[in-house]
1. Beta carbons within 10 angstrom, averaged per residue: use that to sort the peptides 64-74, 32-42, highest first.
2. Label-point separation (nm) for Arg92 and His10, each offset 7 Å from Cα along Cα-to-Cβ?
3. Please calculate how many Å² of accessible area segment 1-52 carries per residue, with a 1.4 Å probe and no DNA, RNA or ligand atoms counted.
Amino acid sequence: MPVSLEDVRHIAALARLALDDERVEALAAELNTILEHVDVLARVDTDGVQESIGVRARAQPLRKDTGPPTPLARSVDTIAPRMRDGFFLVPRLASHETPETE
């Protein structure tokens, strides 16, 4: 089922997007191209193909990170204006509580 210009206008209105007619036509064309591609993929015969394993209990095992550490060009304390106990100190957002005295 192709995406109509009215479909795009309706979705744009729900998202409160102001789209001119040229952009509405372009988006409808792009969405229909995507849907046509998905339709082609849906017709691919996958009988007998083992499904891929995603990020579940049987996820792809990771290799050990055995390479040497990459040294920094400068010391970490020259990168950040303030550090404590090896951690970067960053200012709190204005919407958060006032930080305790250090």
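1. Highest-to-lowest ranking by the protection proxy: 32-42, 64-74.
2. It is 4.8 nm.
3. The answer is 89 Å² per residue.
The values are calculated or read from the model by the stated rules, or taken from the named source; none is laboratory data. It should be emphasised that the depicted structure is a prediction, and the values quoted were computed from it without experimental measurement. All Cβ positions, even for glycine, are placed from backbone atoms using ideal geometry, and neighbour counts span all protein chains on display. The area values use the complete protein model at the heavy-atom level, side chains included, leaving out ligands, DNA and RNA. Shrake-Rupley method; radii C 1.70, N 1.55, O 1.52, S 1.80 Å.
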